[in-house]
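The values are calculated or read from the model by the stated rules, or taken from the named source; none is laboratory data. What you see is a predicted model, and the numbers here were worked out from it, not measured in a lab. Methodologically, a virtual Cβ is constructed for each residue, glycine included, from the backbone with ideal geometry; neighbour enumeration extends over all protein chains shown. Accessible surface areas use protein heavy atoms only, side chains included; no ligands, DNA or RNA. Shrake-Rupley method; radii C 1.70, N 1.55, O 1.52, S 1.80 Å.
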Amino acid sequence: GINTHIEGEGHDRTSIDLPGVQEQLIEAVMGANKNTVVVLINGGQLAIEWISTNVPAIVEALYPGEMGGDAVANVLFGKVSPSGRLPYTMYPANFVNRSFFNMDLRNESGCTYRYYTGDALYSFGHGMSYTTFDYKWSADLSTSQLSFDAGRVGRQEDAINYTVVVTNTGKVDSDVSVLGFITAQEQPDAPLKELFDFGRVHLAAGESATVHLTVGPSGLSLVDEYGVEAIRAGHYKIQVEDLSADLEITGEDHVIFSLPEMKHKNALGHVPVV
């Protein structure tokens, strides 16, 4: 892994590969024993292309804190089922072969799970468990339930709620985190998808629970090139694990925030966005 001497505020890395000879060490260990688990200790992303295709199991520990050793041991020895989700996208090593002076998240192949169009090693929200889960909508999602007025949602007069029944279909008790994503299908600069809510429950083997997810104004709003944040009319796709549903927002666009009017314009007569 890495540590705060390698990465940190004002101390950027020029490579996201494992530093030193760590990958060669893992290759040597794998040559001696294929039944190997790699535990990653890191804050930022690591390009682990060889590891992801050759090592049978990887535990992402991040910076686990004072009780991290106990936590990792409990997962490795099966006392606790892993239930975490990746807080970012894991990129290949060549991801850094770009100019980072351009801070547009859509630049080149994009940045973050919201705009990245390349082949990720592991996507934001990826996570595995020692058990399996089944997901079902708790009720029929009729067309009438999935059409809302932008203004009423923006003023929080209407709530867009999705209820999912999660069942532990395996033999191991485990926590599970349920992630809800939204995609604006008709907005050209909209993210590929965006997390709007999540829920976490503990399920014994065979047990079911209901998870409630809400699409609030912040989950629906988009910011345009002029800095105007608004809920925009159009069609949206809701994704919860392998479930999907269509959502329609109608009416006039509802503005949540706009930058104050600028008195000075640039040489082209445009108001700069700061």
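Listed values, structure above:
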{"quantity": "Odd one out for Pro191 among (1) over 24 Å from Gly84 (Cβ atoms); (2) outside any strand (DSSP E or B); (3) in contact (Cβ under 8 Å) with a residue 12 or more places away in the chain", "calculated": "(1)"}
{"quantity": "Selected residue (only one of Asp197, Asp224 is under 16 Å from the mean Cα position of the chain (by Cα) and either acidic (Asp, Glu) or open to solvent by 70 Å² or more (accessible area, probe 1.4 Å) (or both))", "calculated": "Asp197"}
{"quantity": "Neighbours by Cβ (under 8 Å, 6+ apart or cross-chain): first from region 42-66, within 17 Å of Gly125 (Cβ to Cβ) and assigned to a helix (DSSP H, G or I); second modelled with pLDDT of 95 or more and of a type in the set (Val, Ile, Thr)", "calculated": "Ser52/Ile58"}
{"quantity": "Per-region count, region 44-61, residues open to solvent by 30 Å² or more (accessible area, probe 1.4 Å) and either more than 19 Å from the chain's Cα centre (by Cα) or not β-branched (Val, Ile, Thr) (or both)", "calculated": "9"}
{"quantity": "Residue match in region 75-94 (condition: in a helix (DSSP H, G or I), on the phi > 0 side of the Ramachandran plot and not hydrophobic (A, V, I, L, M, F, W, C))", "calculated": "no"}
{"quantity": "Residue within region 101-109 that is in a loop (DSSP other than H, G, I, E, B), within 23 Å of Asn42 (Cα to Cα) and open to solvent by 70 Å² or more (accessible area, probe 1.4 Å) present", "calculated": "no"}
{"quantity": "Verdict on Val38 being over 22 Å from Glu7 (Cβ atoms) and crowded, with 17+ Cβ neighbours inside 10 Å", "calculated": "no"}
{"quantity": "Test for Asn94: is it under 24 Å from the mean Cα position of the chain (by Cα) and within 16 Å of Leu121 (Cβ to Cβ)", "calculated": "yes"}
{"quantity": "Single unsatisfied condition, Val178 versus (1) in a loop (DSSP other than H, G, I, E, B); (2) buried (at least 19 other Cβ atoms within 10 Å of the Cβ)", "calculated": "(1)"}
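Yes/no per residue for (1) farther than 19 Å from Asp119 by Cα; (2) surrounded by 12 or more Cβ atoms within 10 Å (Cβ to Cβ); (3) of a type outside the set (Phe, Trp, Tyr):
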| residue | (1), (2), (3) |
| --- | --- |
| Asp17 | no, yes, yes |
| Glu23 | yes, yes, yes |
| Met67 | yes, no, yes |
| Gly84 | yes, yes, yes |
